[in-house]
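Structure first, commentary second.
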Amino acid sequence: MNKELVKNDEIQTNERLNVLANTIVDEVNLTKSCLALNISAVMVKTYWSVGHHIVEFEQDGGKKAKYGTSMLTNLAKILTMRLGRGYSRPNLNNMRKFYLLYPLCQTSDKLTWSHICELITIDDDLERSFYEKECVKENWDVRSLRRQMDSGLFLRLAASKDKEGILELAKTGIEIQKPMDVVKDTYTLEFLGLPEMERYSESDLEQRIIDNLQTFLLELGKGFAFIGRQYPITINNVHYHVDLVFYHRILKCFVLIDLKKNSVKHEDIGQMNMYMGYFAKEENEPNDNPPIGIILSHNKDELLVEYTTYGMDSNLFVSKYELYLPNREELRKLVSGILEEKI
């Protein structure tokens, strides 16, 4: 009996020790995370300061810098000998550019040096400001930031806005207040790896999206949570399936997506309207807002869509998808033309 009591005491002691150990581990890991953030912020400020010193040296008291790569090459050799890795000529050039683009070091502490190295490759101030704001708000890692830049997210969004809308987009990033704010005219799905020729089926398209769901959520934008695929609906003993169902946590509504390999047809729009009606009546909770419906098709007949959606729910959208990265230079020219227009 005494042995059993001793054993139980040992078990209880071990359980209490595990609880204590878990508390200590959590505390240490939190401290490490805080230290990592602080170190990153200090390093960014240090690199900005290095850039400042380089530009001051180049100007030598004058207003204009006499920039030369030979100076940076020689400086890189000296600093690498004294400080080790991290001070190569390309990195010094990035520090120099960082100072020139951010003369007041006006960047968020949430941005790492790797983020900044991506941002300073953007020459346009408005475009850079947008990605900086979204990077901080959405906590993008460097890979996500690079993907959004490569897909021309700012330019795609800006192309559908007027001058005031573009300036606001650059100033605040994406603001979500209504269904239109979460729907793009064109979605870039190059990450699916599907051939541009139409040698794939709608089920292939759906499966590739599921296989790359994290990147697809990034392309959809903030606030989307995945609910399911081939979501079953039964009306009068007839069975239907919605290709993809999401819930938008900011707008508090379901988002239904129907995938079309080719052009959208008028019956596709009517079917989506039916899906939305079903979700509004049968799936919505009391606090949910009306659902959003998106038909994602490879081609879009604007006139057919206009006539077919006449008088329909304004939450029903028809968007295009592309299987390749957009031509950013063409988009940039379009956006520049909008900015040059007088309001």
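Close amide H contacts of Ile295 (hydrogens built in the peptide plane, cut-off under 5 Å, sequence separation of 5 or more or a different chain): Asp258, Phe317, Val318, Ser319. Using a ≥ b ≥ c from the Cα gyration tensor of the range 198-314 (square roots of the eigenvalues), is it rounded, prolate or oblate, where a/c under 1.5 gives rounded and otherwise the larger of a/b and b/c decides, a/b for prolate? Rounded, because the longest to shortest axis ratio a/c is under 1.5. Projecting the Cα atoms of Gly228, Ala170, Gln148 onto the dipole axis of the range 122-270, where Lys and Arg carry +1 and Asp and Glu carry -1 at the beta carbon, places Gly228 farthest toward the positive end. For the chain, the residue among Thr80, Phe254, Val42 whose Cα projects farthest onto the positive side of the dipole built from Cβ charges is Thr80.
List the aspartates and glutamates whose alpha-carbon lies under 17 Å from that of Lys261, not counting same-chain residues fewer than 8 positions away? Those aspartates and glutamates meeting the cut-off are Asp185, Glu190, Glu196, Glu198, Glu202, Asp204, Glu206, Asp243, Asp301, Glu302, Glu322. Given +1 at the Cβ of Lys and Arg, -1 at the Cβ of Asp and Glu and no other charges, the dipole of the chain around its Cα centre is 1640 debye to the nearest 20.
Given R₀ = 45 Å, FRET efficiency for Leu167-Asn237 by Cβ-Cβ distance, to 0.05? Calculated value: 0.25. Solvent exposure of the chain, expressed per residue, is 59 Å² of accessible area, with all protein chains present and a 1.4 angstrom probe.
Ellipticity at 222 nm from helices only: DSSP H runs of n ≥ 4 in the chain, each -39500 (n - 2.57), divided by the residue count, give -17000 deg cm²/dmol. Short-range pairs are left out: with C-alpha atoms under 8 Å and at least six residues apart, the relative contact order of the chain is 14 percent. The charge dipole of the range 249-293, taken about its Cα centre with unit charges on the Cβ of Lys, Arg, Asp and Glu (plus for the first two, minus for the last two), comes to roughly 200 debye. Dipole size of the range 83-134 about its Cα centre, with +1 on Lys/Arg Cβ and -1 on Asp/Glu Cβ: approximately 400 debye, rounded to the nearest 20. My understanding is that a pair violates if its Cα-Cα distance is over 24 Å; which of Lys161/Lys333; Lys97/Lys171; Lys45/Lys163; Lys137/Lys281 do that in this structure? From the list (Lys161/Lys333; Lys97/Lys171; Lys45/Lys163; Lys137/Lys281), the Cα-Cα distance tops 24 Å for Lys45/Lys163; Lys137/Lys281.
Rounded to two decimals, the Cα radius of gyration of the chain over 2.2 N^0.38 Å is 1.32. Solvent exposure of Asp211, expressed as accessible area, is near 100 Å², computed with a probe of 1.4 Å over the protein chains only.
Which residue, Val255, Val19, Val142, has the most motion in a Gaussian network model of the chain that connects Cα atoms within less than 10 Å? Its mean-square fluctuation being the largest, the pick is Val19. A cut-off of 5 Å between modelled amide H atoms, ignoring neighbours fewer than 5 places along the same chain, links Thr188 with Glu322.
The values are calculated or read from the model by the stated rules, or taken from the named source; none is laboratory data. Everything quoted here is computed from the prediction, not taken from an experiment. Please note: Cβ atoms are built from the backbone with ideal geometry, for glycine as well, and neighbour counts cover all protein chains shown. Side chains included, ligands, DNA and RNA excluded: accessible areas come from the protein's heavy atoms. Shrake-Rupley method; radii C 1.70, N 1.55, O 1.52, S 1.80 Å.
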